[in-house]
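Working notes for the structure below.
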Amino acid sequence: MGDQVDFDINNALKYLLNDPATIATPEADGALQDCESDPDLLTSGMVNGILNPIVDSIAENPDSLTRSSTFDSLQFLLKCAPIFLASQHTFPSEPDSELFKLSRSASQLPTHSLSKIFDLIVSGLSSEADAVHNELQTDEQDTFKHHKQLLEMYAFLLQWSISAVEVKAAEKPSGAPARGRGTGKGAKAKGTAKDGTWDSSAQLQAALDTMCKVLKLKLGKIFVTTSERDTFVGLFTRPVYLILESEQRIKSTALRMHAFKVLCIAVKHHGHAFGDIKSVISSNVFADDFYRSANFDNPKSFVLRAPCRTNGRISAHSVRAIRLPSID
């Protein structure tokens, strides 16, 4: 399958959360690397020419992500879309690349290309979850290490892509088209129109469903230490909290309930800290107004009630025991 990625999730997260531009992508497609000094080369047609074979290879076999050229090309493209709002993050240094300098303040990645990357990551993760489920059924322990790395790689890219999607969703619409961007042909992703008019809600719901699918696996057999499992689960809960911090997202009942379900499975099956669920809502500057309009006096009480249906109980200090959703 070609050169394989040497992936370390802890190092990858350190660079991503500090400055994605510092993530090395030496095996990315040469055409992409040429764009570093000339951002105008990053056209929809060129990106599609690189993405389409990757989409096809991952659709055929999710293991294709471990190919260095595939993984680095996806990382390179994601570096072209900001994952922090300008007012919310200070970068330690300025990148040498002209492309990544521009990407600090505005996405240089065509909107439908981001949508396509998002789709292929979710689809690949779902297929990998099916493969892991089958291996767990037959107890093929020799493959567990490989599946652990592959799950981490997909989940890492999923966190990255959701962060980029949420920054894109927070952008104010512009009446003028982005410089050097065409609509392109051959895009396979759904939910896109012209650049800047993408509604990512349906894709986010699909991503949250896939998170639930993965979290329902017996991950303790794959991630043998608590720290490994916590790091992996955090790749899902971190973007969920990001979604819940959005005023527009939490107004969508479907998205809100999908997000709550991910958190509840993380609590029930993987020991995720319940206090984190309460803190993200109580710190949400938009939550009070929204829940007040929905006739909930206490945002926390809504978090405790809304996702709760049947099965299982947990306790959290001063919070009385609550029911988790039906997630078996």
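The values are calculated or read from the model by the stated rules, or taken from the named source; none is laboratory data. From a predicted model like this one, the values you see are computed outputs, not experimental measurements. Positions of Cβ are backbone-derived with ideal geometry, glycine not excepted, and every protein chain shown enters the neighbour counts.
In the stretch 11-18, is there at least one residue being closer than 22 Å to SER163 by Cα and in contact with a Pro (Cβ under 6 Å, 6 or more places away or on another chain)?
Step one: filter the stretch 11-18 for residues closer than 22 Å to SER163 by Cα, giving 11-18.
Going one step further and asking which of them are in contact with a Pro (Cβ under 6 Å, 6 or more places away or on another chain), we end up with none.
Within the stretch 11-18, none of the residues are closer than 22 Å to SER163 by Cα and in contact with a Pro (Cβ under 6 Å, 6 or more places away or on another chain).
Look through PHE100, PHE118 and report the one residue that is surrounded by 14 or more Cβ atoms within 10 Å (Cβ to Cβ) and farther than 17 Å from CYS35 by Cβ.
Numbers: PHE100 fails: farther than 17 Å from CYS35 by Cβ.
None of the other options fit; the residue is PHE118.
Filtered by the rule that a residue be within 12 Å of ASP72 (Cβ to Cβ) and either surrounded by 14 or more Cβ atoms within 10 Å (Cβ to Cβ) or among the basic types (Lys, Arg) (or both), the stretch 1-11 gives VAL5, PHE7.
Modelled with pLDDT under 95 and part of a loop (DSSP other than H, G, I, E, B): is that true of LYS172 in this structure? Before the answer, list the steps.
Details: modelled with pLDDT under 95: yes; part of a loop (DSSP other than H, G, I, E, B): yes.
Here the answer is yes, as LYS172 does meet what is asked.
Among the residues here, LEU78 does not qualify as crowded, with 17+ Cβ neighbours inside 10 Å, touching a Cys at 6+ places or on another chain (Cβ under 6 Å), part of a helix (DSSP H, G or I) and touching a residue at least 12 places away in the same chain (Cβ under 8 Å). Quick one: how many residues across the stretch 11-46 are under 23 Å from SER123 (Cα atoms), in a helix (DSSP H, G or I) and over 20 Å from the mean Cα position of the chain (by Cα)? The number of residues fulfilling the criteria is 3.
Can you tell me which residue within the stretch 81-101, out of those that are assigned to a loop (DSSP other than H, G, I, E, B) and small (Gly, Ala, Ser), is nearest to ASN52 (Cα to Cα)? Per the stated criteria, the residue is ALA81.
Annotation note: of ILE243, ILE222, ILE277, ILE265, the sole residue that is under 21 Å from VAL165 (Cβ atoms) and either crowded, with 19+ Cβ neighbours inside 10 Å or at pLDDT below 95 (or both) is ILE243.
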